[in-house]
């Protein structure tokens, strides 16, 4: 049987995640992550996990800028322009 995390454990993990994000992201990147979280929480969670993996593996050497964050988001979300509409005429 799996262990269900308690509210305290969930809160502690969230605090660790926020602390790590503040450590590795520039102010602009933090703002962008917040905006993504409001619109697409699943993408934001995926982005946080990706950034934490990069940090833990030592691949993040300096603060991640907003421009770098945009590139990572494009990679995660599958590239292309999100929300673009293609019109096919007959």
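Of note:
- Of all the numbered requirements in (1) assigned to a helix (DSSP H, G or I); (2) modelled with pLDDT under 90; (3) in contact with a helix residue (DSSP H, G or I) (Cβ under 8 Å, 6 or more places away or on another chain), residue 75 misses one, and that requirement is (3).
- Filter pass, residue 18 being surrounded by 10 or more Cβ atoms within 10 Å (Cβ to Cβ) and either on the phi < 0 side of the Ramachandran plot or in a helix (DSSP H, G or I) (or both): yes
- Among the candidates 4, 46, 12, 68, residue that is surrounded by fewer than 11 Cβ atoms within 10 Å (Cβ to Cβ) and either over 13 Å from the mean Cα position of the chain (by Cα) or assigned to a helix (DSSP H, G or I) (or both): 4
The values are calculated or read from the model by the stated rules, or taken from the named source; none is laboratory data. Quantities reported herein were computed from a predicted structural model and do not represent experimental measurements. FYI the Cβ positions are ideal-geometry reconstructions off the backbone, even for glycines, and counts take in every protein chain you see.
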